[in-house]
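Any read-out appearing in this document is the output of simple, stated calculations on the displayed coordinates, not a laboratory observation. What you see is a predicted model, and the numbers here were worked out from it, not measured in a lab. Cβ sites come from the backbone with ideal geometry, for glycine too, and all protein chains shown count toward neighbours.
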Amino acid sequence: MKSKVRLPVLLKLFERQNGRCCYCERFVVLSADYKIQQRSDAATIEHLRRRADGGTNQPHNLSLACKRCNQERGSLSWILYATFRRGEFLEFMEAIKPQR
């Protein structure tokens, strides 16, 4: 995403999500300072459906994530990674386990 488009998108996402990461729900830091942008809690634009998988830059596919979560997610689906980061993964696995 081009830098002149990036800041307004970040601001809109920051406002929409009350400054929290879409995965870990921790507060993120929004700054134009390069050093702050390198921190693990720096705000980044996350593509929920990865661009490599056909995701777009449309608003419905964008979310605010901390740098740590954005980098850590890798190729996992956003919903699977979100359940993992929020500590709900075991509950999720228990819920989908076949009943005997």
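Below is a table of values for the structure above.
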quantity: Distance (nanometres) between label positions extended 7 Å along Cα→Cβ at Phe14 and Lys97; calculated: 4.3
quantity: Helix-only CD estimate at 222 nm, as mean residue ellipticity for the chain, using -39500 (n - 2.57) per DSSP H run (n ≥ 4); calculated: -11000 deg cm²/dmol
quantity: Longest to shortest principal axis, alpha-carbon extents of segment 3-96, angstrom; calculated: 44, 27, 22
quantity: Residues whose placed amide H lies under 5 Å from that of Ala42, excluding near-sequence neighbours; calculated: Val29, Lys67, Arg68
quantity: Lys, Arg +1 and Asp, Glu -1 on Cβ, resulting dipole of segment 16-97 about Cα centre, debye, nearest 20; calculated: 200
quantity: Contour excess over end-to-end distance, with Cα ends at Ser40 and Leu90 and 0.36 nm allotted per residue; calculated: 15.5 nm
quantity: Stokes-Einstein D (µm²/s) once Rh is taken as the Kirkwood radius of segment 1-50 over alpha-carbon pairs, at 25 °C in 0.890 mPa s; calculated: 216
quantity: Pairs of Lys in the chain closer than 26 Å at Cα, counting only those 8 or more apart or on different chains; calculated: 9
